[in-house]
Every structure is written in structure tokens, then in C-alpha cells.
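Please read the structure below before turning to the comments.
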Amino acid sequence: MIESMVGGLPESTQHAVGYPALFLLVALGALVPVIPTGAIVSSATVVAFHQTSPVAPLVVFVLAAGAAFVGDVGLYWLGRRGVHSEHGSRWLEALRRRAAPDRLEQAQAKLREHRVSVLVLSRLVPAGRIPVMLACLLARMPLRRFVRGNLPACLAWAVTYQLIGVLGGSLFSRPWQGVLAAVVLTVLVGAVPSVWRRVRA
């Protein structure tokens with residue numbers, strides 16, 4: 001998405017502008033979960049797919065996974081400060097507001113049953129990351145253990161949305177068409193779980 005905005009520039013300029021913007025937006029999206037990071041990664045992958053450099057998609061993957069990891073660890077660290085403080089913190093309260101009580105209860109049950117491995121799934125399920133992270137905070141999971149579980153979660157997340165980008169890029173010859181297809185696919189992937197829950201209800 002960001003790189004598509006500079007699509008008319010030379011590739012070297014696109015890299016200089018697009019790669020830092022990709023890392024910054026994904027990391028910021030992990031801290032403030034209102035930025036559509038999945039759509040950003042898929043769109044950047046489409047643009048990289050159409051470039052002459054064969055390593056461009058790999059660079060997008062490394063930056064996306066690294067930024068998601070840095071953002072998650074930063075948010076968890078800020079949340080831990082609230083857990084250990086008498087007065088809490090605005091970061092911990094923000095996590096509480098974003099986690100519906102029923103989702104938090106489910107996340108706590110899964111955390112007790114599956115422990116750290118539940119972090120991997122939480123990154124892949126839309127709206128699943130925050131309840132699981134809050135459950136880890138309330139269970140006072142050490143930062144080191146969270147980091148061990150979060151690393152494969154971020155790698156799996158980056159692979160998933162990069163595959164969506166590769167699919168969008170391979171279906172269309174023009175990058176903007178692939179970006180549009182990737183964004184639509186990302187929205188559909190995000191909407192499926194909520195639709196399924198409504199159908200079951």
C-alpha cells in the first residue's frame with residue numbers, strides 16, 4: 001500500500017521510502033491496533049513481486065515479521081509495567097478496553113491449556129492478538145517466555161499475509177490491480193471469523 005503510492009518512482013527510491021515506512025507502520029500498528037497491518041504487508045508484497053529484484057519479497061517478509069515482533073514486545077513490555085504498578089497504566093487499560101470479556105475468558109482458558117503455543121494462533125486469528133496478550137499479562141507471563149512464543153507467531157503472520165500478496169500479484173499484471181486484490185482478500189480473511197461466529201450464534 002505504501003510502496004504503491006510511490007510506484008512511479010525508480011526502484012531505488014521506492015526502497016528508500018517504502019521499506020522504512022513499511023517497518024514503521026507495521027510496528028506502530030502492533031502498538032496501536034487500528035492500522036491495517038495485514039493489508040499493508042500484502043500490498044507491499046504485491047509491489048515487491050512486480051519488481052526486478054528477486055530479493056524484494058524476502059526483504060518485505062523480514063521487515064514485516066521484525067516490525068510485528070518489535071511492536072508486540074514493546075506493547076507487552078508497556079502492559080507489564082501496568083500489571084506491576086499499583087495504579088496500572090494507560091496501555092494496560094487500552095488493552096482491557098479492546099478485549100471483549102468473552103474473548104478474554106476464552107483466551108485465558110486456551111492459555112492455561114496450550115500455554116505459549118496459543119500465541120502463534122492468536123496472531124493468525126483476526127482480533128485474537130489483544131485478548132491473548134492481555135491473558136498473558138494477567139497471568140504474569142515473563143517477558144522472556146512471551147518473546148519465545150511471539151517470534152514464531154510473527155513469522156507465521158508475515159508468511160500468511162505475504163502469501164495473500166503473492167496471490168494478488170500473480171493474478172494481475174499491473175501492481176495496482178494486485179494491490180486492490182490483496183486488500184480485498186485481506187478484508188475477506190479478517191471478516192470470515194466474525195461471520196462464522198454470527199452463523200453459529
Being of a type in the set (Val, Ile, Thr), open to solvent by 40 Å² or more (accessible area, probe 1.4 Å), in a helix (DSSP H, G or I) and closer than 16 Å to Leu78 by Cα narrows Val147, Val120, Val132 down to just Val147
Hey, could you check region 15-58 for residues that are farther than 14 Å from Val183 by Cα and open to solvent by less than 10 Å² (accessible area, probe 1.4 Å) and say which is modelled with the lowest pLDDT?
Gly18
Identify all residues within region 119-164 that are of a type in the set (Lys, Arg) and on the phi > 0 side of the Ramachandran plot; write none if there are none.
Arg140
Looking at this structure, is Gln162 modelled with pLDDT of 90 or more, among the polar types (S, T, N, Q) and either part of a loop (DSSP other than H, G, I, E, B) or more than 21 Å from Ala99 (Cα to Cα) (or both)?
yes
Odd one out for Val192 among (1) assigned to a helix (DSSP H, G or I); (2) under 21 Å from Gly74 (Cβ atoms); (3) at pLDDT below 85:
(2)
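The values are calculated or read from the model by the stated rules, or taken from the named source; none is laboratory data. Predicted, not measured: the structure shown is a model, and the values here were computed from it. So basically every Cβ, Gly included, is an ideal-geometry build from the backbone, and we count neighbours across all protein chains shown. For the accessible areas, the whole protein counts, side chains as well, though only heavy atoms, and no ligand, DNA or RNA atoms are used. Shrake-Rupley method; radii C 1.70, N 1.55, O 1.52, S 1.80 Å.
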